[in-house]
Every structure is written in C-alpha cells, then in structure tokens.
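Below you'll find the structure, written out as structure tokens, and then a few comments.
The values are calculated or read from the model by the stated rules, or taken from the named source; none is laboratory data. Only a predicted model underlies this, so the values are computations on that prediction, with no experimental measurement involved. Neighbour counts are summed over all protein chains in view; Cβ atoms, including those assigned to glycine, are modelled from backbone coordinates with ideal geometry.
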Amino acid sequence: MDNGLMIETKDLTKNFGDFTAVDGIALAVQKGTIHGFVGPNGAGKTTTMKMLIGALRCTRGEGYIKGYEIGSTPARQLIGYSPEQTFFYKDMIASDYIAYMARICGVKREDARKKALELLDWLDLGNFSESKVGGFSAGMKQRLSLGQALIHEPELLILDEPTANMDPTGRLSILDKLRQLAQEKEVTIFLSSHILSELEQIVDFMTMIDKGQIVVEGNMAELRKRFSGNHFLLKTSHNDAVMKAMKAKGLFREGWIDNEDFIHLISDEATSLRREMVAAVARIGAELEHFSEERATLQDIYRKTMGMEEE
C-alpha cells in the first residue's frame, strides 16, 4: 500500500566498531517534497545518506525507498546522488562524462549524448560541454555532480552540500533549479546544507540530527510556530515610556530594546499583551511604528535545538 513516503526508516543504526555514527533514527520523507537534513559536523548526516543509497549497510534497523528496501536494485534505480566531495576523470570532457553516466544508468546510447547536452545547458554549463573536467572550478564541478545525479531522471535526489564551493549567484541558481524540479517534475529532494539561510528558502520539511539521533523534525510552518516563543516586536516614538508601562502590567517574561530601537517582548499572554500595548501607546500619546509576532528562522531553530543560544 502506498503510504505517500519516498523515504522511510525505522531504528536505522550504523556502528563503526564501538562508535555509533547513526543511532536508531526514524525518517519519514513525503513524496514530492524538499526535505532538509541538517546538523553539526560528525552528526551522522553523510553516513545516513550513504545507507539510504546503499553504499553502506546498516548495523540495525531498516529503510525503504518508495517501499523498496534500501540497497536493493529497485531502490537504487530511483535515486540520484550527489556527494559533498566530488571526483571526476580529469581528462574527460563534460558532455562525455554525463553521457557515460547516462549509459551506466541505463539510458539508451542514442539518447545519452543529447540528454547530456540538454542537462549541461540547463545547469549553465552549456558553454563548457566540450571542456575537460580537470579545468573546472570547484563550483562548476559541483554543478557537474548534480548533472550526473539527474541524468537518468530519478524520482529521488539525495544531495550532500549541493551548493558547496559556489558563489552566491551560483548557489541561488541551484536552489531555484531544485525548487523547479520539486514543483514541476515532482522530484523528492533530500538534502543537507550548512547554509541555513539559503536552505530555509526551499525546504518544506526539516530534520535536525545530532550525535546520530534526531533532535527535532517537522514541517517548517510547525517548527517556526513551535520555536517562535511568543516573541513580539514593537517600535514606537516613545519606546522607553511604552516599555515601562508594559512592564508595570507584568504581561511579558522578557523584554529589551535592541540597537535598531525595536522593543522585544516574550510573553505567554499574547491577547492581553496586544490589548495593553494599544492602550499604553494611546495613553502616552506615542506613535505606533511597528508591531508584529517575530517568526523564528531556521538558524534560530538550529541554535535553540543544538543548545547554542546566546547568553
């Protein structure tokens, strides 16, 4: 029965001797979504990805790609994988390399080169299709790696740091293309990245891992709501007086004015806070310039989850 999941794992574990790199994680990645997978270095992200693609055997547990056991031929055929560290034949030209990878993936010989050229053009490497890979920059090699992952039109992309070594323009271009693949081709994308601000622009769901275990997961809307902490932003023409009036009512747990002259209030009584804020501004005769509930960013969520809050 189709449960709507592209990736599903149960108690997935990987030991290297006495060291547990991945410790009983349960993933549930929905089809057609972009799912972020983040954590500090050494958290177990790459090991997990290698188990999903069948490059490593799990020590314990189980995993499935669209219902097929991880490592099986049907599961592998559904996956396109781009590692963080890329390796190529330096003397091979780009179009030959992608066509070669297409043939390995079962693309017919008569179609392989045509598809390779089209894909290189889509990845903004069309002008370098006849150039040797050894002369490519690190960012160009990263694009080429994405090309080899896409050449057989996989249903699932597993990407480990897909925008590493790229300049800002290149990174944004790749993010746009990943979004396009998910929306237009319904490709499921499971990716890891250290650039949280960019990852936040495209992911639907997020899993954070630390020391081999999942520490937080959910869709981005739910996570932002969960980690916003009833945090409100307020700016008036008389901040000090408004702050004093609000404090007298005891409606917030924490409050401060930042260097951009915004009042930050953390309150568990949102309705009463809003009501008193309007009343205080009116009594004082201040002008209300801004009032909003602050939305937690992916970086905020990461810092709180990993215990990195500023003292």
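Here are a few things to note about the model shown:
- Of the numbered criteria (1) more than 18 Å from the chain's Cα centre (by Cα); (2) modelled with pLDDT of 95 or more, the one Val107 fails is (2).
- Subset of the stretch 77-104 (residues that are charged (D, E, K, R) and closer than 30 Å to Gly67 by Cα): Glu84, Arg103
- For Asn127, the criteria (1) in the same structural domain as Arg179 (by TED's automatic domain parsing); (2) free of Cβ contacts under 8 Å to residues at least 12 places away in the same chain hold in every case but one, which is (1).
- The stretch 1-23, residues that are of a type in the set (D, E, K, R) and touching an Asp or Glu at 6+ places or on another chain (Cβ under 9 Å): Glu8, Lys10, Asp11, Lys14
- Whenever a residue of the stretch 102-122 is free of Cβ contacts under 8 Å to residues at least 40 places away in the same chain, its partners that are surrounded by 12 or more Cβ atoms within 10 Å (Cβ to Cβ) and of a type in the set (D, E, K, R), lying with C-beta atoms within less than 7 angstrom and at least six residues away or across chains, give the pairs Arg109/Arg103; Ala112/Arg103.
- Only listed residue being in the same structural domain as Lys185 (by TED's automatic domain parsing), buried (at least 19 other Cβ atoms within 10 Å of the Cβ) and among the polar types (S, T, N, Q), chosen from Thr48, Thr20: Thr48
- Selection of helices (runs of 4 or more DSSP H) fully inside the stretch 184-291 by the criterion of at least 2 residues being not small (Gly, Ala, Ser) and not assigned by TED's automatic domain parsing to the domain that holds Leu159 returns 220-227, 239-249, 270-284.
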